[in-house]
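Engineer: One structure follows; several queries about it will come next.
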Amino acid sequence: MSAADGVTARVPAKVNVQLAVGGLRPDGFHGLANVFLAVGLYDEVTASPAAELRVTVSGPDARHVPLDDSNLAARAARLLAERHGRAPHVSLHIVKDIPVAGGMAGGSADAAGALLACDALWGTRTPRDELLACCAELGSDVPFALVGGAALGQGRGELLTPVETGGTFHWVFALADGGLSTPAVYRECDRLRETSGTGAGIDSVPEPRPSQRLFDALRTGDAEELAISVSNDLQPAALSLRPSLSDTLKTGTAAGALAALVSGSGPTCAFLASDARSAEAIASALEESGHCRSARTTTAPAPGATLIHG
């Protein structure tokens, strides 16, 4: 396949091994200390020549992906075309394997994949820093999908600093029925903080800071140390909106997970395992429990958006 026929980019899901959420800012956002880890669950985005911009989707949960201009991949194609003064005439086909609305940044991954694939298809040779600027304009999680590996995201999550990793970490992801709205989870986080009496604004909530212990665990590849260090400030809000996730977390822990947490804003739950055999046992227990739709095993870190055809 030549670039004239179509170009395919493969893009990874992510898990937040630390998600520290600051207070609600006047602009409506929250400051974050967000440690991303790319994991080996992937979507593929193929960009092909077309008379107009159109989006098609296949794979699990494809029916839940919008096909209009609200689709983040479509917005990415329009943004890149605008930057280069051309029409966004492209057909984008997305093969979904990352859970939809599952807290694993599948939509953001598709946007990063669309940028990379369209740039190759159109021969626009956009410098890496400009692609990252486009990513940041599209959403807080999009830059990391382009970069992959492990990184600290600050600001709203889009200001990335690479994080060193050593070895391979084994993960299990329990997929839930339905999704959770990320804005709704942040609103619930603010509500819970207000209800507790601490307040939700920047004057009440400490500035989020990354964990050095977590960085050390990632660098040395120490899964047990990483398990002690993972955290997610959005987890109480996700559990408040979806109480059944507590049963999912308990099931994975009882099956031997070193750590169990809600992935990002949920409702996917993530379990850190000691090795591949343990990961398979945890996945089996989760599927047999009936507390999740399915369970997937994979490893991390994974590479960022990568061209695989064209």
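Engineer: Could you identify the single residue in Val142, Val95, Val90 that is within 12 Å of the chain's Cα centre (by Cα) and on the phi < 0 side of the Ramachandran plot?
Structural biologist: That would be Val142, the only listed residue that is within 12 Å of the chain's Cα centre (by Cα) and on the phi < 0 side of the Ramachandran plot.
Engineer: Sticking with this structure for a sec: Tell me which residues, restricted to the range 171-222, are part of a loop (DSSP other than H, G, I, E, B) and touching a Lys or Arg at 6+ places or on another chain (Cβ under 8 Å).
Structural biologist: Correct list: Ala176, Asp177, Leu180, Gly199, Ala200, Ile202, Ser204, Val205.
Engineer: Do we find a residue being crowded, with 23+ Cβ neighbours inside 10 Å, in contact with a Lys or Arg (Cβ under 8 Å, 6 or more places away or on another chain) and either at pLDDT 95 or above or of a type in the set (A, V, I, L, M) (or both) anywhere in the range 294-308?
Structural biologist: yes
Engineer: Moving on to the next point. Please pick out the residue among Asp43, Asp68 that is surrounded by fewer than 18 Cβ atoms within 10 Å (Cβ to Cβ) and either aliphatic (A, V, I, L, M) or in contact with a helix residue (DSSP H, G or I) (Cβ under 8 Å, 6 or more places away or on another chain) (or both).
Structural biologist: Checking each option against the conditions leaves just Asp68.
Engineer: For the range 223-256, which residues satisfy the criterion of being assigned to a loop (DSSP other than H, G, I, E, B), more than 21 Å from the chain's Cα centre (by Cα) and touching a residue at least 24 places away in the same chain (Cβ under 8 Å)?
Structural biologist: Ser244, Ala255, Gly256
Engineer: Condition (residue is crowded, with 24+ Cβ neighbours inside 10 Å, in a strand (DSSP E or B) and assigned by TED's automatic domain parsing to the domain that holds Ile98) applied to the range 19-28: is it met by at least one residue?
Structural biologist: Checked the range 19-28: at least one residue is crowded, with 24+ Cβ neighbours inside 10 Å, in a strand (DSSP E or B) and assigned by TED's automatic domain parsing to the domain that holds Ile98.
Engineer: Please find, among Leu152, Leu160, Leu146, Leu80, the residue that is closer than 30 Å to Ala276 by Cβ and touching a Cys at 6+ places or on another chain (Cβ under 8 Å).
Structural biologist: Sole residue among the options that is closer than 30 Å to Ala276 by Cβ and touching a Cys at 6+ places or on another chain (Cβ under 8 Å): Leu146.
Engineer: Let me ask something else about it. Inspect the range 141-162 for any residue being without any contact (Cβ under 8 Å) to a residue 60 or more places away in the chain, acidic (Asp, Glu), in a loop (DSSP other than H, G, I, E, B) and out of contact with any Leu (no Cβ under 7 Å at 6 or more places or on another chain) and give the result as yes or no.
Structural biologist: Yes, the range 141-162 contains at least one residue that is without any contact (Cβ under 8 Å) to a residue 60 or more places away in the chain, acidic (Asp, Glu), in a loop (DSSP other than H, G, I, E, B) and out of contact with any Leu (no Cβ under 7 Å at 6 or more places or on another chain).
Engineer: I'm told Ser91 meets every condition in (1) part of a strand (DSSP E or B); (2) within 17 Å of Ala109 (Cβ to Cβ) except one. Can you identify the failing condition by its number?
Structural biologist: (2)
The values are calculated or read from the model by the stated rules, or taken from the named source; none is laboratory data. Predicted, not measured: the structure shown is a model, and the values here were computed from it. Glycine also receives a Cβ, built like all others from the backbone with ideal geometry; neighbour counts cover every protein chain displayed.
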